[in-house]
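Novice: Take a look at the following structure, please.
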């Protein structure tokens, strides 16, 4: 067992019950202190300023100060898996209630342990490349049934290839950043010509995404086993979509402006190590994938996923309860596939899962599926209906892995929709 | 007229006849000098080290030294169109044979004017986001005819939308960098299951790409008129493609690994100002595009495009002579469309045209079209045939705008194909 995962560990920092951030989590993010960006971790309702902590010498001698005094965590995670394991382990020890080095140094403690309400939490990553997969079989089946043919909902390639597409990195934003309803070309089936106007089918997509911390040279592939060295951790991800823009633009080259107006990520990148207790078997893959996509060990994760809608008229109403474990293709397969043509992975790339849907309606990860393309609206607490997302709605996502001993959470992704200009 | 475009200008630096880089061009790129990267321009067979020149004070006071002592031209062009116009104008004056400031300073001249054979020319851009359009009507028609339906070759959205898709930025490489034949999943029509192996249908795509030098805030659109402030210049672009990987993977989310193994760009980014004399009318657009895609002025460019294949068995054989002026959708429309959903453009983004094909076979911009999907191979000088690109072939592209007075060229994009592992 990784020592920092020991469920018996307790911190001298108070951690509220059911917090996403016990001592067993210790994710990485970015805070702004006196107008400067620092890499930080989080425990309970506190952030830990790693730039201050490292300067004190308590983290040991392995970490260059520069990587913590940075606008993004890229240079830090770019030190590699093994040093990131070290960092989490040292941090765990300093916060452990059996160790007093940091606890007893009041001056340092006050400077590096800051209540989260007193700091600005910033975008953790400088996202270099962003890819969105399409790896939930339930989602792909639902979409195929709605838009193509219920008898042949899955396309012939789907069970052979972890299908994915390149997305837009520039428009990925932090949880809490509002999104303006995008405009685009819309053309209904019976319209003679398209019009340019605000989307009428604004949708969320419930996703998780992984972040890479290692690069390969262009031309070199990565085996499923080797992917472990490349994947630093995960975030919760809302891949905003405009369904009407998408349906008119996406043939033959795929989704484009229907996606590139915004995608929202959670603030704290959870180290894959912290999720180790939640590794589970994935669904049986039949037909057996080609050798380069075969893998050893467990690569699915039991992570609960909830989505709520809140509006000026009602408090958050839960509309989805799903789970990341439903994924048909796992991260090891996604990354091995991505590099199977020699494509070079970079530090700070983001690889999203695609919409995560489970087997029953409550576990569908988008309004498109929940309302079956708007034909079966959701009733909200104030009696209103939702086919898609309305102006001033807030979409709130939560992700957490939980067993009898520990809860490792991702915090939230919360986004308010502002009206179009 | 922009003074630096005056065809009567002559430089005291010798410029060979038919050079792509007369005093009227003055593109930007990156050179490596004593292990340090500097921004440079080019005239004839010399590069001009702008870091050295700026330090001398001869460029005036407007330019921060930092932007020239950089691994990429991003920070330099990020100063904006107006300062880039200034830079080109001041450079033009210093190189003009009527001015002696630089010509007469032997020491400085020797330090900042370096024969191109004595320097390493590097990747000019840190490419932030990369989008590939699909804007040649001849290319889209050819592909639609081959793969779908000759009667309805163009999809219904094509004449309304400058169709494009997000591409992979990490795998864009400099001319001269060899490309290893990529592997991927291949499945012929009659194969029961796919196999993983080297592509048998490796192809080039003859494209041009533009580079942005200004960013908009997420949520804000850009009008076609405003695009002038965003587009710094252009490069020649070979968007390598594996047709067999593509045909199996691309439905429904578009091209992915069939493209992300490599795309090659030319080393010198040509300022759009230098191309002003070559602006021409584009094809008539019928139906008339929606108002946000309408534009004033001329936005097509008369740029000749040639492609050669060279092999160990024969000297370069020209297989394509095409022209950028054939583009149906122009750059102003492409960029306005890209930002029409509020997508944020960044400094150093690359926006490629899509394969540029003209009306006749010799002007088709890919082997796919030239050989009509391999059914009509090209005869090479040694008697061999090409359906697609073979190992050890070199694909060489040239682009140049030329009239009676001046030739503004892009240099070459040359790439050798290495066998798969």
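Novice: Every residue in the range A:239-257 that is part of a loop (DSSP other than H, G, I, E, B) and facing another protein chain (nearest Cβ under 8 Å), please.
Specialist: A:250, A:251, A:252, A:253, A:254, A:255, A:256, A:257
Novice: Okay, next question. In contact (Cβ under 8 Å) with a residue 12 or more places away in the chain, assigned to a loop (DSSP other than H, G, I, E, B), within 17 Å of residue B:233 (Cβ to Cβ) and within 21 Å of the chain's Cα centre (by Cα): which single residue out of B:23, B:30 fits that description? I'd like the intermediate steps shown before the answer.
Specialist: Working: B:30 fails: assigned to a loop (DSSP other than H, G, I, E, B).
Answer to the selection: B:23.
Novice: Continuing with this model, one more query. Of the residues in the range B:329-345, how many are in contact with a strand residue (DSSP E or B) (Cβ under 7 Å, 6 or more places away or on another chain) and within 11 Å of chain A (Cβ to nearest Cβ)?
Specialist: 5
Novice: Spot the failing condition for residue A:216; the list is (1) assigned to a loop (DSSP other than H, G, I, E, B); (2) within 12 Å of another protein chain (Cβ to nearest Cβ); (3) in contact (Cβ under 8 Å) with a residue 24 or more places away in the chain; (4) crowded, with 21+ Cβ neighbours inside 10 Å, and only one is missed.
Specialist: Every condition holds for residue A:216 apart from (4).
Novice: Which residues, taken from the range A:378-401, are touching a helix residue (DSSP H, G or I) at 6+ places or on another chain (Cβ under 9 Å) and either surrounded by fewer than 16 Cβ atoms within 10 Å (Cβ to Cβ) or over 28 Å from residue A:280 (Cβ atoms) (or both)?
Specialist: Answer for the range A:378-401, where residues must be touching a helix residue (DSSP H, G or I) at 6+ places or on another chain (Cβ under 9 Å) and either surrounded by fewer than 16 Cβ atoms within 10 Å (Cβ to Cβ) or over 28 Å from residue A:280 (Cβ atoms) (or both): A:378, A:386, A:387, A:388, A:389.
Novice: Name the one entry in A:197, A:184 that is crowded, with 22+ Cβ neighbours inside 10 Å, touching a strand residue (DSSP E or B) at 6+ places or on another chain (Cβ under 8 Å), in contact (Cβ under 8 Å) with a residue 12 or more places away in the chain and more than 18 Å from residue A:275 (Cβ to Cβ).
Specialist: A:184 is the lone residue from the list that is crowded, with 22+ Cβ neighbours inside 10 Å, touching a strand residue (DSSP E or B) at 6+ places or on another chain (Cβ under 8 Å), in contact (Cβ under 8 Å) with a residue 12 or more places away in the chain and more than 18 Å from residue A:275 (Cβ to Cβ).
Novice: Could you list, in sequence order, the residues of the range A:70-90 that are more than 16 Å from residue A:210 (Cβ to Cβ) and out of contact with any strand residue (DSSP E or B) (no Cβ under 7 Å at 6 or more places or on another chain)?
Specialist: Across the range A:70-90, the qualifying residues are A:75, A:79, A:82, A:83, A:85, A:86, A:87, A:89, A:90.
Novice: How many residues are touching a strand residue (DSSP E or B) at 6+ places or on another chain (Cβ under 9 Å) and part of a helix (DSSP H, G or I) when one looks only at the range B:100-117?
Specialist: So the answer is 3.
Novice: Please verify whether the range A:7-15 includes one or more residues that are modelled with pLDDT of 95 or more and over 21 Å from residue A:98 (Cβ atoms).
Specialist: Within the range A:7-15, the first condition is being modelled with pLDDT of 95 or more, and the residues that meet it are A:7-15.
Next cut, over 21 Å from residue A:98 (Cβ atoms) only: none.
No, there is no match, as no residue in the range A:7-15 is modelled with pLDDT of 95 or more and over 21 Å from residue A:98 (Cβ atoms).
Novice: Of the residues B:280, B:269, only one is buried (at least 21 other Cβ atoms within 10 Å of the Cβ) and more than 13 Å from chain A (Cβ to nearest Cβ); which?
Specialist: That would be B:269, the only listed residue that is buried (at least 21 other Cβ atoms within 10 Å of the Cβ) and more than 13 Å from chain A (Cβ to nearest Cβ).
Novice: Same structure, new question: For the range B:141-153, check the following and say yes or no: at least one residue is buried (at least 19 other Cβ atoms within 10 Å of the Cβ), in contact (Cβ under 8 Å) with a residue 40 or more places away in the chain and within 12 Å of chain A (Cβ to nearest Cβ).
Specialist: Taking every residue of the range B:141-153 in turn, at least one turns out to be buried (at least 19 other Cβ atoms within 10 Å of the Cβ), in contact (Cβ under 8 Å) with a residue 40 or more places away in the chain and within 12 Å of chain A (Cβ to nearest Cβ).
Novice: Now a separate question. Residue check: is residue A:167 at the interface with another protein chain (Cβ under 10 Å from one of its Cβ atoms), closer than 30 Å to residue B:174 by Cα and surrounded by 24 or more Cβ atoms within 10 Å (Cβ to Cβ)?
Specialist: For residue A:167, the condition - at the interface with another protein chain (Cβ under 10 Å from one of its Cβ atoms), closer than 30 Å to residue B:174 by Cα and surrounded by 24 or more Cβ atoms within 10 Å (Cβ to Cβ) - is met.
Novice: Which ones in the range A:52-71 are under 16 Å from residue A:110 (Cβ atoms) and buried (at least 21 other Cβ atoms within 10 Å of the Cβ)? First the steps, then the outcome.
Specialist: First, the residues of the range A:52-71 that are under 16 Å from residue A:110 (Cβ atoms): A:52-53, A:55-56, A:58.
A:53, the sole residue that qualifies.
Novice: Please enumerate the residues belonging to the range B:288-313 that are part of a helix (DSSP H, G or I) and either under 16 Å from residue B:363 (Cβ atoms) or without any contact (Cβ under 8 Å) to a residue 24 or more places away in the chain (or both).
Specialist: The one that is part of a helix (DSSP H, G or I) and either under 16 Å from residue B:363 (Cβ atoms) or without any contact (Cβ under 8 Å) to a residue 24 or more places away in the chain (or both): B:291.
Novice: Okay, moving on. Is it true that residue B:244 is modelled with pLDDT of 95 or more and more than 30 Å from residue A:157 (Cβ to Cβ)? Step through it out loud before you land on a result.
Specialist: On the way: modelled with pLDDT of 95 or more: yes; more than 30 Å from residue A:157 (Cβ to Cβ): no.
No; evaluated as a whole, the condition is false for this residue.
Novice: Also: If a residue has to be assigned to a strand (DSSP E or B) and farther than 24 Å from residue A:410 by Cβ to count, how many in the range A:219-238 make the cut? Quick ask: steps written out before the conclusion?
Specialist: Step one: filter the range A:219-238 for residues assigned to a strand (DSSP E or B), giving A:231-238.
Right, trim to farther than 24 Å from residue A:410 by Cβ and you get none.
Number of matching residues: 0.
Novice: Looking only at the range A:72-99, filter to residues that are surrounded by fewer than 17 Cβ atoms within 10 Å (Cβ to Cβ), in a loop (DSSP other than H, G, I, E, B) and in contact (Cβ under 8 Å) with a residue 12 or more places away in the chain; which one of those is farthest from the chain's Cα centre (by Cα)?
Specialist: A:97
Novice: Residue by residue through the range B:170-189, note down the ones that are more than 13 Å from every other protein chain (Cβ to nearest Cβ) and either on the phi < 0 side of the Ramachandran plot or modelled with pLDDT under 95 (or both).
Specialist: B:175
Novice: Residues in the range B:353-364: is at least one part of a strand (DSSP E or B) and either free of Cβ contacts under 8 Å to residues at least 60 places away in the same chain or not assigned by TED's automatic domain parsing to the domain that holds residue B:29 (or both)? Even if it seems obvious, please write down each step before you answer.
Specialist: We begin by selecting, within the range B:353-364, every residue part of a strand (DSSP E or B); these are none.
No.
Novice: Residue B:231 passes all but one of (1) in contact with a helix residue (DSSP H, G or I) (Cβ under 7 Å, 6 or more places away or on another chain); (2) surrounded by fewer than 24 Cβ atoms within 10 Å (Cβ to Cβ); (3) farther than 30 Å from residue B:26 by Cα; which number fails?
Specialist: Result: residue B:231 passes all but (3).
Novice: Can you find even one residue in the range B:196-214 that is within 18 Å of residue A:339 (Cα to Cα) and out of contact with any helix residue (DSSP H, G or I) (no Cβ under 9 Å at 6 or more places or on another chain)?
Specialist: Scanning the range B:196-214 turns up at least one residue that is within 18 Å of residue A:339 (Cα to Cα) and out of contact with any helix residue (DSSP H, G or I) (no Cβ under 9 Å at 6 or more places or on another chain).
The values are calculated or read from the model by the stated rules, or taken from the named source; none is laboratory data. Keep in mind it's a predicted model, so treat the numbers as computed, not measured. Here the Cβ is made from the backbone with ideal geometry for all residues, glycine too, and neighbour counts use every protein chain on show.
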